[in-house]
1. Could you please find all residues in region 280-317 being outside any loop (DSSP other than H, G, I, E, B), within 13 Å of ligand 2 (Cβ to nearest atom) and open to solvent by 10 Å² or more (accessible area, probe 1.4 Å)?
2. Among the numbered criteria (1) closer than 23 Å to Gly331 by Cα; (2) hydrophobic (A, V, I, L, M, F, W, C); (3) in contact with a Cys (Cβ under 9 Å, 6 or more places away or on another chain), which one does Val271 miss?
3. Would you check which residues across region 334-353 are touching a Phe, Trp or Tyr at 6+ places or on another chain (Cβ under 9 Å), crowded, with 22+ Cβ neighbours inside 10 Å and farther than 15 Å from Thr141 by Cα and list them?
4. I need the full set of residues from region 154-165 which are within 16 Å of Val86 (Cα to Cα) and open to solvent by 10 Å² or more (accessible area, probe 1.4 Å), in order please.
5. Taking the options Leu213, Leu231, name whichever one is open to solvent by 10 Å² or more (accessible area, probe 1.4 Å), in contact with a Lys or Arg (Cβ under 6 Å, 6 or more places away or on another chain) and in contact (Cβ under 8 Å) with a residue 24 or more places away in the chain.
6. Between a residue in region 62-88 that is over 18 Å from Pro277 (Cβ atoms) and any residue that is of a type in the set (Val, Ile, Thr) and in a loop (DSSP other than H, G, I, E, B), which pairs come within a Cβ distance under 6 Å, given they are 6 or more apart or on different chains?
7. Could you give every pair whose Cβ atoms fall below 6 Å, whose first residue belongs to region 381-402 and is open to solvent by 30 Å² or more (accessible area, probe 1.4 Å), and whose second residue is in a strand (DSSP E or B) and of a type in the set (A, V, I, L, M, F, W, C), counting only separations of at least 6 or pairs across chains?
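The values are calculated or read from the model by the stated rules, or taken from the named source; none is laboratory data. Fair warning: this is a prediction, and the values are worked out from it, not measured in the lab. Note that each Cβ is placed from the backbone with ideal geometry, even for glycine, and that neighbours are counted across all protein chains shown. These area figures cover heavy atoms from the full protein model, side chains too; ligands, DNA and RNA do not enter into them. Shrake-Rupley method; radii C 1.70, N 1.55, O 1.52, S 1.80 Å.
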Amino acid sequence: MSTCVLRGATVLTMNDARDVVTGPVVVRDGVIAQVGGAVPADLPAIDVSGCVLLPGFVQTHVHLCQTLFRGAADDLALLAWLRQRVWPMEAAHDAASLRVSTRLAVHELLRTGTTAVLTMETVHGTEVVLETLAASGLRATVGKCLMDSDDAAPARLKQAVAPAIDDALALHRAFDGSADGRIRVALAPRFAVSCSRALLEAAADVSASRALLVHTHASEQRDEIAVVRRLAGMGNLAYLADTGLATPRLCAAHCVWVDEEEQALMAERDVKVLHCPGSNLKLGSGLAPIVEMQRRGITVSLGADGAACNNRLDMFDEMRLAATLQAVRLGPGALPARDVVWMATRAGARTLGLGDVIGQVTPGYRADLIAVDVSGPLVAPSTDLYSSLVYACRGTDVRLTMVDGDVLVRNGEHRGVDPQALAASAHVEARRLRTRAGL
Ligand code: GUN
Ligand code: FE
């Protein structure tokens, strides 16, 4: 039996009562066994004094395959960004470039405190991403991208409905529940612009019959919803509902341009919103009505989106931006820091359908934990831990990252990873990929 105790931290439990506990946390066989209280002195201990211990962050919208595109698709609006840069590069991926892209993403995510992701990959090669993730220790729900249309998309990324669904189901059979349940497989129809109605309906059917999450993009930019209105003759969310996709399993990234009626529909159907403030700013998408959606009871979680449009995967940036953008929209305090930490942990867990498994430091939950140093001069004085996390800390303040009880980052070092060698191989593979893509 493997047991360890984390000592010396203040524990932000993120339980329903939002209890804050000073005391040890015992982890046994990958599960949180005890929070606070007396602990036998002879248990193997990890000292995390000066830190706040909290559930690892859950990022519900990322694209690991785009990490290798960092800096190669700047300064474009969404549709041009996809058609001119991101799609050609996705089409040029091979096994080696996907492996490095995934490793680079995992390193940044774990190093900066993210322990679980919902990720949309590209059309081909997702088995490489899944294998790399299984070996990495990160918790992930992964969907191969489904797309069959858009005249400007490379032919290699357009797959007819039957083979697309067959591929997704084959990945589900091979990988869902693998790595002790850390790895799960979802469906990922890219967005209504690049999916036919038949493809969206097929995804809705499979999602219903097998209870699979559906990960998509929706209403990110005004150009996009204009295209959808032309294609479908209705608004984006109404269209998704019309194809059968608007269910509690639908995870819709962005939802920047959603009117009252669409918000009401999402609330009624318990559709999950994945807010990506860094991406929304850089692609010039707009400011999402997060507080309004939350007031309606919609679960809103956070993600960095891909490194091609952020260009970081650090949840601390997304937390800070989530709070400050709502301050710009509605006034300071509109989205308080403690609500933002909830979005980064509990809302993410609920979105993944893992609300009883991760997202809080409570006995019986999986030990996905992070320790963040709040004692240093760039954070001090730390009086309100939620404020420190959202406004003052940054990813490099993460000292320890644990997933399923496995210590993957300790003293800021990622176990088994040479960061310089990783960066060097990223440079090599990115150069090769851009040559293949003709960019
Ligand atoms: N819409 C369709 N595909 C994408 C993508 O890869 N990233 C973002 N941000 N929006 C999209
Ligand atoms: Fe995205």
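1. Residue satisfying the conditions is Lys282 alone.
2. Unmet condition: (1).
3. Correct list: Val340, Val341, Ala344, Thr345.
4. To start, the set of residues in region 154-165 that are within 16 Å of Val86 (Cα to Cα) comprises 154-158.
Answer for region 154-165, where residues must be within 16 Å of Val86 (Cα to Cα) and open to solvent by 10 Å² or more (accessible area, probe 1.4 Å): Pro154, Ala155, Arg156, Lys158.
5. Values: Leu231 fails: in contact with a Lys or Arg (Cβ under 6 Å, 6 or more places away or on another chain).
Among Leu213, Leu231, only Leu213 is open to solvent by 10 Å² or more (accessible area, probe 1.4 Å), in contact with a Lys or Arg (Cβ under 6 Å, 6 or more places away or on another chain) and in contact (Cβ under 8 Å) with a residue 24 or more places away in the chain.
6. Cys65/Thr122
7. Going by the 6 Å Cβ cut-off, the qualifying pairs are Leu385/Leu12; Leu385/Val52; Arg399/Cys51; Arg399/Ala371.
To keep it simple, each residue is scored yes or no on (1) within 20 Å of the chain's Cα centre (by Cα); (2) among the basic types (Lys, Arg); (3) within 16 Å of ligand 1 (Cβ to nearest atom).
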site: Leu212; (1), (2), (3): yes, no, no
site: Thr216; (1), (2), (3): yes, no, yes
site: Asp242; (1), (2), (3): no, no, no
site: Ala253; (1), (2), (3): yes, no, yes
site: Val258; (1), (2), (3): no, no, yes
site: Cys276; (1), (2), (3): yes, no, yes
site: Ser279; (1), (2), (3): yes, no, yes
